[in-house]
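J.: Can you keep this structure in mind? I'll have questions shortly.
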Amino acid sequence: MAAQFFYCTECRKKHSTHQKLFDALYNFTKAAPEPCPECGHARDLRLTLDFPLGAGDSEYKVVSALLPEKLESWLGEEEEEVTFYPFLVVLETSDRKQFCWMPYWHVTGKEARYGQHAICLEKRQFASLVEQVEETELQTA
């Protein structure tokens with residue numbers, strides 16, 4: 001379960017996003033959060049994520065949220081269009097450690113369904129995997 005809110009970096013107030021997680025991340029891919037309505041300073045998008053197996057409940061600052069340049073769509077059941085939204089979200093802890101979180105949704109009509117098998121890797125682990133893919137591509141070229 002995730003909770004999301006805006007956090008003012010100046011007055012340190014939390015404001016509800018009044019959005020579902022999909023919408024908050026999607027909007028973040030388009031623009032930074034609006035300034036604090038109370039003091040006018042910048043706000044961060046923050047998430048509280050409940051990871052299993054002792055990984056802990058932590059509050060993370062969303063550093064970036066990205067989507068592929070082209071989203072994949074197909075006709076699903078009942079001939080309704082399904083669009084796949086694989087996000088890459090860079091999260092940062094209060095001690096500035098960064099993680100790459102990869103939640104995804106399948107959007108059918110106007111309903112976003114969360115993909116339960118989202119992975120969250122420490123940023124160095126993620127970079128190591130991307131590096132290995134690039135090395136493999138160079139070897140096979």
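The values are calculated or read from the model by the stated rules, or taken from the named source; none is laboratory data. All values derive from a computational prediction rather than experimental measurement. Backbone-built Cβ (ideal geometry, glycine too); neighbour counts: all protein chains shown. What goes into the accessible areas is simple: the full protein's heavy atoms, side chains included, and nothing from ligands, DNA or RNA. Shrake-Rupley method; radii C 1.70, N 1.55, O 1.52, S 1.80 Å.
J.: Could you please find all residues in the range 1-28 being within 20 Å of A112 (Cβ to Cβ), at pLDDT 90 or above and loosely packed, with under 14 Cβ neighbours inside 10 Å?
T.: The answer is D23, and nothing else.
J.: Looking at the range 7-47 only, could you name the residues that are out of contact with any Leu (no Cβ under 7 Å at 6 or more places or on another chain) and aromatic (F, W, Y)?
T.: Y7, F22, Y26 - these are the residues of the range 7-47 that are out of contact with any Leu (no Cβ under 7 Å at 6 or more places or on another chain) and aromatic (F, W, Y).
J.: Any residue that is of a type in the set (D, E), over 22 Å from K123 (Cβ atoms), without any contact (Cβ under 8 Å) to a residue 60 or more places away in the chain and loosely packed, with under 13 Cβ neighbours inside 10 Å - is there at least one of those in the range 36-46?
T.: At the first step, the residues of the range 36-46 found to be of a type in the set (D, E) are 38, 44.
From what is left, the residues that are over 22 Å from K123 (Cβ atoms) are 38.
Add one more test, that the residue is without any contact (Cβ under 8 Å) to a residue 60 or more places away in the chain, and what stays is 38.
After this cut, where a residue has to be loosely packed, with under 13 Cβ neighbours inside 10 Å as well, the list is 38.
There is at least one residue in the range 36-46 that is of a type in the set (D, E), over 22 Å from K123 (Cβ atoms), without any contact (Cβ under 8 Å) to a residue 60 or more places away in the chain and loosely packed, with under 13 Cβ neighbours inside 10 Å.
J.: Right, F84: in contact with an Asp or Glu (Cβ under 9 Å, 6 or more places away or on another chain) and within 27 Å of T108 (Cβ to Cβ) or not?
T.: Working: in contact with an Asp or Glu (Cβ under 9 Å, 6 or more places away or on another chain): yes; within 27 Å of T108 (Cβ to Cβ): yes.
Yes, satisfied.
J.: In the range 39-58, is there at least one residue being among the small types (G, A, S), touching a helix residue (DSSP H, G or I) at 6+ places or on another chain (Cβ under 6 Å) and modelled with pLDDT under 90?
T.: Looking only at the range 39-58, we keep the residues that are among the small types (G, A, S), and these are 40, 42, 54-56, 58.
When the remaining residues are screened for being touching a helix residue (DSSP H, G or I) at 6+ places or on another chain (Cβ under 6 Å), the result is none.
No - not one qualifying residue is present in the range 39-58.
J.: Restricting the range 60-76 to residues that are touching a Ser or Thr at 6+ places or on another chain (Cβ under 9 Å) and open to solvent by less than 70 Å² (accessible area, probe 1.4 Å), which is farthest from F5 (Cα to Cα)?
T.: Filtering the range 60-76 for residues touching a Ser or Thr at 6+ places or on another chain (Cβ under 9 Å) gives 60-61, 64-67, 71-74, 76.
Add one more test, that the residue is open to solvent by less than 70 Å² (accessible area, probe 1.4 Å), and what stays is 60-61, 64-65, 67, 71, 73, 76.
Details: Y60: 10, K61: 10, S64: 15, A65: 15, L67: 21, L71: 26, S73: 30, G76: 33 Å.
Only one residue fits best here, namely G76.
J.: Can you give me the number of residues within the range 83-105 that are open to solvent by 10 Å² or more (accessible area, probe 1.4 Å), within 15 Å of T29 (Cα to Cα) and either among the β-branched types (V, I, T) or not in a strand (DSSP E or B) (or both)?
T.: 1
J.: Turning to a different aspect of this structure: Quick check on the range 114-122. Is at least one of its residues part of a strand (DSSP E or B) and either within 14 Å of F22 (Cβ to Cβ) or of a type in the set (S, T, Y) (or both)? Even if it seems obvious, please write down each step before you answer.
T.: Restricting attention to the range 114-122, the residues satisfying the condition of being part of a strand (DSSP E or B) are 114, 119-122.
So of that shortlist, the ones also either within 14 Å of F22 (Cβ to Cβ) or of a type in the set (S, T, Y) (or both) come out as 114.
Yes, the range 114-122 contains at least one residue that is part of a strand (DSSP E or B) and either within 14 Å of F22 (Cβ to Cβ) or of a type in the set (S, T, Y) (or both).
J.: Inside the range 81-127, can you point out the residues that are at pLDDT 90 or above, of a type in the set (S, T, Y) and more than 17 Å from S64 (Cα to Cα)?
T.: Result: T83, single match.
J.: Farther than 19 Å from Y85 by Cα and either among the acidic types (D, E) or in contact with a helix residue (DSSP H, G or I) (Cβ under 6 Å, 6 or more places away or on another chain) (or both) - does that describe any residue in the range 6-14? Show your work before the answer.
T.: Here is the first cut: in the range 6-14, the residues farther than 19 Å from Y85 by Cα are 6-14.
Right, trim to either among the acidic types (D, E) or in contact with a helix residue (DSSP H, G or I) (Cβ under 6 Å, 6 or more places away or on another chain) (or both) and you get 10.
Yes, there is a match, as at least one residue in the range 6-14 is farther than 19 Å from Y85 by Cα and either among the acidic types (D, E) or in contact with a helix residue (DSSP H, G or I) (Cβ under 6 Å, 6 or more places away or on another chain) (or both).
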